[in-house]
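The values are calculated or read from the model by the stated rules, or taken from the named source; none is laboratory data. These numbers were taken from a predicted model, which means no experiment stands behind them. So basically every Cβ, Gly included, is an ideal-geometry build from the backbone, and we count neighbours across all protein chains shown.
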Amino acid sequence: MPRTPSKARDAALARMRRINGWLIAGAVLGTGLLTDVAAQAFPGGTITRRAGSLSATPSSAAQTVTADRRRAARRRAGLTPPAEAPRARHRPQVVEPVAGGSTAAATPASAATPAPVTPVTPAPVAPAPVVQAPVAPAAVVSGGS
């Protein structure tokens, strides 16, 4: 008996449904396996509470232990905070206008208190000319259904 095109199409659709089902099941299984491998490769720790502690907030001992673990992890990773904040190596020169329209560099009078910085306004910039490329007429598309 010859196959009709509609039966061939129905058979192909059924085959695609089975293939899609197997692919989805394989993706879920693969994700689970990769999750298990990652969990075994990078074991984590569980924070446990003391039996006497029933409050909603963690106890100060648990917070201390957690903070100590974080600090130890940073040290292992090479991330330690600096002993003090960095300081500037040189003092910037302040440019102040001088009578007559020119500018002169001034050094701050006191090294402890820097001189106020005067804001500099940039010169206005002319907008770039807009060049439009010639537009080809749109192709006529029939609205077939």
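Couple of notes before you dig in:
- Asp36 meets the stated requirement of being surrounded by 10 or more Cβ atoms within 10 Å (Cβ to Cβ), modelled with pLDDT of 90 or more and not aliphatic (A, V, I, L, M).
- Meets criteria (at pLDDT 70 or above, within 29 Å of the chain's Cα centre (by Cα) and not acidic (Asp, Glu)) for Ala126: no
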